Amino acid sequence: MMHLLGTLIVGLVVGALARFVMPGEQKMGWILTCVLGVAGSFLASLVGQQLGWYAPGQGAGWIASVVGAAVLLFIVSKLRGSGGST
């Protein structure tokens, strides 16, 4: 249970950092920010393992996690489109 809580807290911090470094406004709440951070960390771990940077089962570091979350945030913003009417 504590591992899951720790993962969510780290995901929230990583997602918030990714939103901070990305230019423009991202319209999402704290839950989606947490999901973004966890998914970015997961993406960074997978890519790092495929490139041989991390051993199997080893997680990505903070910087790689923020970069992974920023990449996901960029992809999501492009898929949503910036010209939609609200």
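Report, by residue number, each residue of the stretch 44-53 that is part of a helix (DSSP H, G or I) and free of Cβ contacts under 8 Å to residues at least 24 places away in the same chain. Can you show your working first?
Within the stretch 44-53, the first condition is being part of a helix (DSSP H, G or I), and the residues that meet it are 44-50.
Within the stretch 44-53, Ser45, Leu46, Val47, Gly48, Gln49, Gln50 qualify.
Got at least one residue in the stretch 23-43 being under 21 Å from Arg80 (Cα atoms), among the hydroxyl-bearing types (Ser, Thr, Tyr) and in a helix (DSSP H, G or I)?
Taking the stretch 23-43 first, the residues under 21 Å from Arg80 (Cα atoms) are 23-40, 43.
Now drop any that are not among the hydroxyl-bearing types (Ser, Thr, Tyr), which leaves 33.
Adding the requirement that they be in a helix (DSSP H, G or I) leaves 33.
Yes, the stretch 23-43 contains at least one residue that is under 21 Å from Arg80 (Cα atoms), among the hydroxyl-bearing types (Ser, Thr, Tyr) and in a helix (DSSP H, G or I).
Does Phe20 satisfy the criteria of being crowded, with 16+ Cβ neighbours inside 10 Å and either of a type in the set (Val, Ile, Thr) or free of Cβ contacts under 8 Å to residues at least 40 places away in the same chain (or both)?
When the stated conditions are applied, Phe20 does not pass them.
Six or more apart or on different chains, Cβ atoms under 8 Å: show the pairs whose first residue is in the stretch 58-86 and farther than 18 Å from Gly37 by Cβ and part of a helix (DSSP H, G or I) and whose second is among the aromatic types (Phe, Trp, Tyr) and at pLDDT 85 or above.
Between residues of the stretch 58-86 that are farther than 18 Å from Gly37 by Cβ and part of a helix (DSSP H, G or I) and residues that are among the aromatic types (Phe, Trp, Tyr) and at pLDDT 85 or above, there is no close pair.
Return the residues of the stretch 61-86 that are of a type outside the set (D, E, K, R) and at pLDDT below 80; say none if nothing qualifies.
At the first step, the residues of the stretch 61-86 found to be of a type outside the set (D, E, K, R) are 61-77, 79, 81-86.
Matches in the stretch 61-86: Gly81, Ser82, Gly83, Gly84, Ser85, Thr86.
Pull up the stretch 48-61, narrow it to residues that are in contact with a helix residue (DSSP H, G or I) (Cβ under 7 Å, 6 or more places away or on another chain) and surrounded by fewer than 18 Cβ atoms within 10 Å (Cβ to Cβ), then point me to the one that is farthest from Leu8 (Cα to Cα).
So the first thing to find is which residues in the stretch 48-61 are in contact with a helix residue (DSSP H, G or I) (Cβ under 7 Å, 6 or more places away or on another chain), and the list is 48, 54, 56, 59-60.
Narrowing the set further to residues that are surrounded by fewer than 18 Cβ atoms within 10 Å (Cβ to Cβ) leaves 56, 59.
On the way: Pro56: 22, Gly59: 15 Å.
Checked the stretch 48-61; the qualifying residue farthest from Leu8 (Cα to Cα) is Pro56.
The values are calculated or read from the model by the stated rules, or taken from the named source; none is laboratory data. Everything numeric here is computed off the predicted structure, so don't read it as measured data. Here the Cβ is made from the backbone with ideal geometry for all residues, glycine too, and neighbour counts use every protein chain on show.
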